[in-house]
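Just below is one structure, and these are the notes that go with it.
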Amino acid sequence: MRDFKKPIIKDNRKLREEIPSIEKHFKSIEKEVIKYPKVDGLIKDPNIVTFRSCPICESKKQNQLFTKLGFMFVRCPCCNHHFIHNPINEEVLLNMYEVKESDNLQRVTNKTNFYKEYWKEVYSKYVEYFQTKGLHEGSVLDIGSGTGAFLEFLKNNFNYKLYGTEFADEVIEDLVKIVGKKENIFHKVKIEDINFNNKKFDVITMWGVLEHVYNPLQVLEKISSIISSNGIMLALIPNLNSRALKILGITTPTLDPRGHIHYFTDESINKAASLTGMKVIDKFGELPVIDLMHQYLSKDDNLINQIIDNEECYYSIYILSKH
Ligand SMILES: [Zn+2]
C-alpha cells in the first residue's frame, strides 16, 4: 500500500519561468490592495476591513506577528490560531472572487500542463486514501471547485456522484458540464447558506479554500451537518510552519492577506473540529520544496525527509470525520 506520509514530488525548478501567470497573479494581488489607504501602516477603513477577535475561540487577545500590504497577521494566544486581524470585509471579498484579475490569472495557471499533472497525482493519492476508508463510491462535494480540476479528475476515473460550489461566473458552465447536472453546482452561495434538503455527502473536499472563508466555524458546522456518518472531509491549507516560510520569510507567496485570512495550526484545527462535532483523524504534508526555494537549498533525499518529518511542507492536508 502507498505510504500516504510521502508527498507527491515533481521537478518545479523552472516553474515561474515557464508559467508567467504565477508571478502576474501575485503582482496583481498587490495591485488590488495597494490602493487602499493606510493609517499607521494598516488598512483601517471600515468599508474595506473589519478588525476581528479570534474566529475560532473568540478571544480578544492577539499577538502581532507582522504586517504585509496593510494587513496585520496575528496569533491567538488562547487557541494558537493564526489569522488576519483586519481581513477584507466578506462582501468585498466575495465580490473579488467574481471579477478580479488575479483570480483569473490563477485560473490560467491552473490550466497549464505542469499544474494539471501535479494536481492529478495529488488527487489520485487522496482518492486512494478515501478508498482505504471504504469510500469507493457515493457522493463528493467539492467546495470552491474553481476550474473543476478535481471534479473532472473524479469524473474521468471514478464513479462518484459529483457536486460543487463556486463563486466565479466564468467557470460555471464548465463545472455544470463536468458534473452533468445544473442543480449539482451551487453558484454564488456560501456553503453555510445552501439548503441541501437533508442530503448527505460521503466525501467533502476543500482544496485551498478553508483559509479563504470568512467564518470557518460556520463552514465546518455546515459540513458536520451534511457529511455522512462514515464520511470524510479533506482540507488542504497553507502551512505557516513551512520550510518555505523559514527561508523566504515575508515574501512567501502563501502569505497573501487579501485571500488567505486563516492559517490553521494543529491546535486551532483540532479546536475548530471539536467545536463543530468533528474530529481530525489524519494529517499529511504536500509540496516540501516550492520552486522559489531551489536557489537557497541543495536538494537531496535527506533534506526532503527532514522537511516531511518536521511537518514543514508548504501545504498541510487535514482529514476530518464525525467520529
Ligand atoms: Zn483563539
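In terms of its alpha-carbon gyration tensor, the stretch 15-321 comes out rounded; the largest-to-smallest axis ratio a/c stays below the 1.5 threshold. Under the combined filter of DSSP loop state and at most 13 neighbouring Cβ atoms within 10 Å, the stretch 15-62 retains these GluC sites (Glu not before Pro): GLU58.
A Gaussian network model of the chain, with springs between Cα atoms under 10 Å, assigns the largest mean-square fluctuation among ASP282, ASP103, ASP202 to ASP282.
For the stretch 154-185, trypsin sites (Lys or Arg not before Pro) are listed when DSSP marks them as loop and at most 15 other Cβ atoms sit within 10 Å of their Cβ; the list is LYS181.
The mean sequence distance of close C-alpha pairs (under 8 Å, at least 6 residues apart), as a share of the length of the stretch 15-321, puts its relative contact order at 16 percent. Projecting the Cα atoms of LEU93, SER229, LEU240 onto the charge dipole of the chain (Cβ charges, centred on the Cα centre) puts SER229 farthest toward the positive pole. In order along the stretch 252-265, the phi-based Karplus estimate (6.51 cos²θ - 1.76 cosθ + 1.60, θ = phi - 60°) of 3J(HN,Hα) comes to 3, x, 5, 7, 10, x, 5, x, 8, 9, 10, 10, 6, 10 Hz; Gly and Pro are listed as x. Amide H contacts under 5 Å for ILE290: none, restricted to partners 5 or more places along the chain or on a different chain, H placed in the peptide plane at 1.01 Å from N. Put in line by how crowded their Cβ is, counting other Cβ atoms within 10 Å and starting with the fewest, ASP11, ASP3, ASP266 read ASP3, ASP11, ASP266. Largest mean-square fluctuation among GLY208, GLY144, GLY277, in a Gaussian network model of the chain whose springs join Cα atoms under 10 Å apart, belongs to GLY277. Taking amide H positions as modeled 1.01 Å from N, with prolines and chain starts lacking one, the residues under 5 Å from ILE204 and 5 or more places away or on another chain are LEU141, ILE232, MET233, LEU234.
Counting every other Cβ atom within 10 Å of each residue's Cβ, ARG258, ARG107 order from fewest to most as ARG107, ARG258.
With Rh defined as the Kirkwood radius, the inverse of the mean 1/r over Cα pairs, the Rg/Rh of the stretch 169-323 is 1.02.
Stretched out straight at 0.36 nm per residue, the stretch from GLU23 to GLN218 would grow longer than its current Cα-Cα span by 66.9 nm.
Summing charges over neighbours of HIS81, with a neighbour being any other residue whose Cβ is under 14 Å away from its Cβ, gives +1 when K and R count +1 and D and E count -1.
Taking other Cβ atoms within 10 Å as a rough exposure proxy, ILE34, ILE29, ILE304 sort from fewest to most as ILE34, ILE304, ILE29. A 26 angstrom limit on the alpha carbon distance is what I want to check against. Which of LYS182/LYS271; LYS27/LYS279; LYS111/LYS177; LYS24/LYS161; LYS27/LYS116; LYS31/LYS61 exceed it? Pairs exceeding the cut-off: LYS182/LYS271; LYS27/LYS279; LYS24/LYS161; LYS31/LYS61. Amide H contacts of ILE185: GLY164, each under 5 Å away and 5 or more positions distant or on a separate chain (H built 1.01 Å from N in the peptide plane; Pro and chain starts excluded).
Mind running the shape call on the stretch 96-184? Use the C-alpha gyration tensor, a ≥ b ≥ c as the square roots of the eigenvalues: rounded below 1.5 for a/c, prolate if a/b tops b/c, oblate otherwise. It comes out oblate by the Cα gyration axes. Between the beta carbons of HIS294 and ASP169, assuming R0 = 56 Å, the FRET efficiency works out to 0.90 to the nearest 0.05.
When only alpha carbons are used to place a centre, the stretch 4-42 and the stretch 70-98 end up 18 Å from one another.
Each reported figure results from applying straightforward, stated rules to the coordinates on display, with no laboratory input. Not measured: the values here are computed from a predicted model. A quick note on method: Cβ atoms are made from the backbone with ideal geometry, for glycine too, and the neighbour counts reach across all protein chains shown.
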